[in-house]
Amino acid sequence: MNKRKILGIVSFLMIILLSVLFCENRHNFLLGGFILKKMGVRVWSNGNSGLYYPGVIAAILIILGIVGIIQFKEDVYRNFGKFVVLFFIVWSIIYQPTYDLAYGFVRSNLNGLRSIEYIKDSSWINFTSHGEEILFNGKIRLKNYSSDKKEFYIKLPVVKDEMAVNPQFIPVTNTKKKPTQYVISPNKQVDLDINFSIQEQKSAWQNGNLISPDIIIYNETEEIHEGKR
């Protein structure tokens, strides 16, 4: 096998691998980023925000892979270019359903609160300032993939300053100002209604909303930060 043929095949396989690791999906979960964080690699330029390094590197490598396929397709075999186009058409159709199955299987086998998925794109929070009282209302969508009932509490980000990078989180409370306990049945998806208020003598809040906010799901033994890759 000559060098040009090897480069053509490697370019094709590299695009497939990078697509699996770093392509966006409806779960907002990037396998590549997860693996890198477990290895202790810094993936964001500023804590949990800013420039996403793996995404930039993956985009550059995918472009190089495409260039490699175009450059060496005739060295692999005569109709390799047509095969690649057909493959990625089929891949674009089956990618999300296949990812859903794999994602659900992995989530269902995780322990504790990690079996709960936060569906960020379907969640929102409004906040309104009335003097010293700040009112919160909205919806948080979650799905429990496990076969066990889950009991937990939720914290939401405090956004007094729109430029804040690492906001403080506060617990969702009930009318007695105690953390509200939520329960999700096994293998169920729910929309949790958020309605509570806090008091601030010197309020710096303005009226506004949080679309797809980060949240913290927690209980007595765990605290899971959801929303960031």
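We did not get these values from a lab; they are worked out from the coordinates using the rules stated. These numbers come from a predicted model, not from an experiment. Because the Cβ atoms are built from the backbone with ideal geometry, glycine has one as well, and the counts that use them run over all protein chains shown.
So here's what we get for this one:
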{"item": "Y53/E24 FRET efficiency (R0 22 Å; Cβ-Cβ; nearest 0.05)", "result": "0.85"}
{"item": "The chain: mean projected area of Cα convex hull, nm²", "result": "15.6"}
{"item": "Length added when fully stretched, Q71-F88, from 0.36 nm per residue minus Cα-Cα", "result": "4.3 nm"}
{"item": "Chain lengthening between L192 and K37 when straightened (0.36 nm per residue, less Cα-Cα)", "result": "52.8 nm"}
{"item": "Equivalent ellipsoid semi-axes - Cα gyration tensor, region 1-48, angstrom", "result": "29, 14, 8"}
{"item": "Loop GluC sites (Glu not before Pro), region 92-157 (other Cβ atoms within 10 Å of the site Cβ: 13 or fewer; DSSP)", "result": "E132"}
{"item": "Inter-site label distance for D121 and E200 at 7 Å from Cα along Cβ, in nm", "result": "3.1"}
{"item": "For region 53-186, with +1 on Lys and Arg beta carbons and -1 on Asp and Glu, the positive-most of S108, I89, V158 along the dipole", "result": "S108"}
{"item": "E222/A102 FRET efficiency (R0 30 Å; Cβ-Cβ; nearest 0.05)", "result": "0.80"}
